[in-house]
Every structure is written in structure tokens, then in C-alpha cells.
Amino acid sequence: MIQAAARKKSLDRLKSGPHDVLIIGGGINGAASAAALAAHGAKVALADSRDFAGFTSQQSSNLVWGGIKYMESYEFGLVAELCRSRNELLDSFPSAIKEIRFLTTVAQGFRFHPLSLWAGAWLYWLMGRGKTRIPRYHTLSGLAAREPLIDTASAVGGVEYSDAYLPDNDARFVFNFVRSAVDRGAATVNYVQCTGAERRDGRWQVAFTDRCSGDSFKVGARVLVNAAGAYVDEVNALAGVNTAHRHVLSKGVHLLVPRLSAVERVLAFFADDGRLFFAIPMAHRTCIGTTDTPVFEVDTRVEEGDREFVLSNINARLKLPRPLTAKDVLAERCGVRPLAVKEQDNDAHAGGGRADFLALSRKHVIETQAGQSHISIFGGKLTDCLNVGAEICAAAAELGIAMTPPARRWYGEPEVAQRRVFEERARALGLDGDRAQDSGESLMTRLWRRYGGRAPIILDALESEPSLAAPAVPGTGLRVCEVDYMAEFEMVVSLDDLLRRRSKLELVVGREALLRSGALPAISERLFGCDGRRRLEEYARYPLSNT
């Protein structure tokens, strides 16, 4: 089976150690680290117990931002660094990351006057080196003119500024770092559970169980990188590694509803708890959130109280034809943010109060145990991924891993000339005029944004069989040619991998609607052959990544 062959090749490569560096965790931290290390000539392996980006990295707000809210806690160094990283991502991924305007409404009695926030937005713009469009102050009439949907009855003004976002989904962006690592020789495998690790004779021996086959095996490596996200503490305990930092956890919830505003703009408010609250465009839907709730368990679910908080906040701030209810929710996102704290600061989570919790820094921490050749990554966020990749390369070099400068930078889209060649071929096939019913986006634009330098492989298939341009699910942007490509090259193990992470169909269409569409049997058969029916039944019961 084609899809099984792709994963088996990577699995065999993982088992063929010893490796220079073995990374546990395939979220944004692990994926960026693998791409950076592989580009610098290290022999790299990466393993994740779920799918790539199968936990926190698939639950973000899809924002690539400099963290304007961190200015209130005077973390100007963090904001400046995040702005620098955001700017680099905008330059390096012009198709996958776009500038977007934020329209922030300020309510009466808020702790800051709109003019103060406007001044803060200008400082933010300056810290961002003027990369984006300038901020603007809006009176109530100006606010209403910009977005009639906003209820200005209890507002005093507003501020408009720019940041960036992912038009596609966060998990897709993460996977493209995984793909980059694979293209440079890395062994990357999903659904491989780390069950233990010990250091012996100057090397790490890490035990794994393949969740697909049940087979157990060990892999050797000179350096072990723990990029397990919210599970970093648990994996360190398995390896017998003690660190100065730990994680505390914050639950974030987003709800996907039908598109609220026709304008491609983020509507920002200050929620009842005082923190920024967003309505973010996602194709023909709106993603509303987020919450920021202290939790003690890594695995979380959307509770009724979470749903009520999000819906009540958006209903109170927009003039909707009718209030949104739970029946309007097409999909939900729920994840935990792992926040880095020092061991002695753990009481901030346990009993320091909600205000103290919200004030915890969102910056990442790289901690190295040189005597054990072990690196832990605490915290982290998508915007910071380039910094994490560079810092892991530096830390690995200090532990004796030889690094060679890459011929070209380890991140970013292919050169403009390569894109022009692709677009010429795509136009010859009529893909510039082939537009998705849901988003209105052309197939040419979609293929380049999602697959970059590998998009010509899909053009080869379309030149041989034009019918492969048909929607895989009627009324959506996902095409049959993409399903075939993902089956061959993207290590799809479950339908959830394709529908939730390699694409965003489960978010913008909804799980139940997908099951009712009648399209999933054909997709499952293309992915899994004669095993397709069983995989579809499995998906209907639960996604493998959450078991």
C-alpha cells in the first residue's frame, strides 16, 4: 500500500541509528528543530506518539504575531524578538503567512483609554521595524463604518493595527517543516510511542513502541532532544533527567462557526476576563476564542462553561441577526499551552491566583544538561519557531554535533523563479481559473501555498489525469489529486490525519457534516485501499490521534 510504504521507509530509517540527534515530539518545536538540524548536516531522527502536530500545535489561533498583549507585562524584549521572527516568517513564507488587520474595540470602563492603546500600537509597530501597515485610531463612528457588525453601544473607540496569520491551518504549516527535514535526509515517524530512555556508553538508547503494528524497538543517538510540548516533564521523567524548569498548563478553546464578517480581518475585543479575545477568519468560517484557563491535566476537553464563555463574549460584542448558540458550532479546538516556569515558581500555578497565572511569560526556554547530552524545550509558540530551530542547532553544536552551513537557509518557500515555472504550468492546465466553492481560492494558489517546491509533483498527475482536479469533498477546496499526493508522501495513518491536520476540512466543514457527505468512503479507499472501510469506521468512532 502506497501510504504504508512512505511511513515504513521513514520507520526503517529511524531504526537504522545511531543518529546524531533524536527528537521526541513532532509539534512546532520538534519539527522546526528537525528541519534546522537536517539542513546543517546532522543525522536527525524525530518520533511522535501521535501524528505530527497532533496535540497543541493543531489547536492554535492560527496567528503569527509579535505578542502585542505581552507589552502590558513589560516583556518588551520578548515582543521585539517575536516581531523580528514574525517579520522573517512573512518574508520567508509569503504564500503561507499573510499580513492581516486587527480591529480592536475598547469598551467603557476598560483599564486603558483607546488613545493609550493607540500609542501602544504605534510602539508595537516601531518594535516591529515598521514591517506592517501603520496603526489607526477609530472613534465610535469610524469603528462602526469599518465594521457595522460591531456593537458600539458600550464602546468608547477602537484601534486598528496589523499582525500576521495562516490562511491555512497550523498543523499544515508544522508538517511542512517535517517534510523539509525528510527531504534533507531526516527520519521522521508518527505514531511511535517513547516508552523509556537510558544513557549507556556515551549514547542514548531510547525505547519505542510502534502504535500501528505494536512492535517494540530501540534507537541510539548521541544527543536527545525533548520537544514533547506539554509532555516534556513526563518524557524527562522517563529518561531520568532533572531540569530547573517545569511546565504549567493553560487550556485554550476556540469555536468554529459560520463566517460572521465578510471582510478578511480579525475582530479583537477584551473578554470578560480582561484578556484579548478574537474572531478570526478561516476560509468561509470564523474561529472565535480563546480561553486561558489554568489546568492540571494535559488531556483536556471543551466543557460547557468554555462554550458558554466564548459564545456569550462574542454575542455581547457583535450585532448578530440572532445570538450564536451551541447549534451553530461546526467544530471545536481545545489544547493546552505549556508555559515554562522555574521549579521554585510552580506555586504561581498552584495558588498564585488567576492574575498571576495570566502574567506568566509565554517565552520558550532551552535547557541543556551537558553531562547527559540532553536538551529540553519548554514553552514555545508557532511565531517563535525559527528561533527555536536556530537555538537547538547551537545547543547541539555545543554538545559536539558537527554542523555545516546549509547551501541555502533551512526555512522558507522556494525561490521566485521556481514559483514562476510552477505558475506557468498551472495556468496551462487552467488551474488559475479553477476556484474552490468554499473559499474562492484558485487551485494554483492553493497547491503552491500548501506544497511549495513539491507542488509540481501534483501538476505531473494532473497533466496525466485532469479529472484528479475534482473536489474530494463536494463544495470544498480539497482536490482528489491532493489526497493521492498525501497518501504517497505524507505518512497519513488515519482519516483524522488528512481531514484535521494535512488539511483543515474537519474544522471548516465539521466532523458530522463530513460523515454525512458521502465522500469519505472514496477518500478512505484512495488512502488505505482494501483497509479503507475499517479506517472509516474507526474515524466515525474516534480519531486515532486522541486515543
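Note the full-extension length gain between VAL416 and ALA394 as 0.36 nm times their separation in residues minus their Cα-Cα distance, in nm to one decimal. Intermediate values should be presented prior to the final figure.
Values: separation 22, 0.36 × 22 = 7.92 nm, distance 2.96 nm.
Value of the extension gain: 5.0 nm.
So how do TYR165, TYR74, TYR124 line up by other beta-carbon neighbours within 10 Å, fewest first? Walk me through the numbers before you get to the answer.
Details: TYR165 23, TYR74 9, TYR124 26.
Exposure proxy ranking, most exposed first: TYR74, TYR165, TYR124.
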Task: Burial ordering of VAL493, VAL178, fewest other beta-carbon atoms within 10 Å first - done: VAL493, VAL178
- [ ] Can you tell me the FRET efficiency between PHE296 and ASP272 if r is taken as the Cβ-Cβ distance and R0 is 22 Å, rounded to the nearest 0.05?
- [x] 0.45
- [ ] Report the GluC sites (Glu not before Pro) located in the stretch 373-430 that are in a DSSP loop and have at most 15 other Cβ atoms inside 10 Å of their Cβ, or state none.
- [x] GLU415
Open item on the list: Between GLU303 and LEU149, how high is the FRET efficiency from 1/(1 + (r/R0)^6) when r is the Cβ-Cβ distance and R₀ = 30 Å? Nearest 0.05.
Closed with: 0.60
Task: Paramagnetic label zone (point 7 Å from Cα along Cα-to-C-beta, ARG409; backbone N under 18 Å) in the stretch 10-51 - done: 32-41
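Once R0 is set to 25 Å, what does the formula 1/(1 + (r/R0)^6) return for the Cβ-Cβ distance between LEU320 and GLU264, expressed as a FRET efficiency to the nearest 0.05? Numbers along the way, then the final one.
Details: r = 19 Å, r/R0 = 0.76.
The formula returns an efficiency of 0.85 here.
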- [ ] Determine, for CYS481, CYS334, the number of other Cβ atoms within 10 Å of each Cβ, and report the residues in order from fewest to most.
- [x] CYS334, CYS481
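Scale the Cα Rg of the chain by the rule-of-thumb value 2.2 N^0.38 Å and send over the ratio, two decimals. All intermediate terms of the calculation are to be shown ahead of the outcome.
On the way: Rg = 23.0 Å, N = 547, 2.2 N^0.38 = 24.1 Å.
That works out to 0.95 for the chain.
So how much slack lies between SER73 and ASP432, counting 0.36 nm per residue of separation and subtracting their Cα-Cα distance, in nm? Walk me through the numbers before you get to the answer.
On the way: separation 359, 0.36 × 359 = 129.24 nm, distance 4.63 nm.
Difference between extended and current length: 124.6 nm.
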TODO: Mind listing the long-range amide H neighbours of ILE100? Cut-off is under 5 Å, sequence gap 5 or more, other chains count too, H placed in the peptide plane at 1.01 Å from N.
DONE: ASP163, ALA164, TYR165
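Please work out how much length the chain gains when fully extended from GLU99 to GLU343, using 0.36 nm per residue of separation minus the C-alpha to C-alpha distance, in nm with one decimal. Write down the numbers at each step before the final one.
Values: separation 244, 0.36 × 244 = 87.84 nm, distance 3.79 nm.
That works out to 84.0 nm of additional length.
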TODO: Pop a pseudo-label 7 angstrom from the Cα along the beta-carbon direction at both ARG136 and ARG534 and give the gap in nm to one decimal.
DONE: 5.8
Task: Point-to-point label distance, GLU198-ASP12, nm (Cα→Cβ direction, 7 Å offset) - done: 3.0
- [ ] Compute the distance in nm between two label points, each set 7 Å from the Cα along the Cα-to-Cβ direction, one at ARG111 and one at ASP215.
- [x] 5.6
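Where a number appears in this text, it was derived from the coordinates with a stated rule and is not lab data. Remember, it's a predicted structure, so these values are computed and weren't measured experimentally. As a convention, Cβ positions derive from the backbone with ideal geometry for all residues, glycine included, and neighbour counts pool all protein chains shown.
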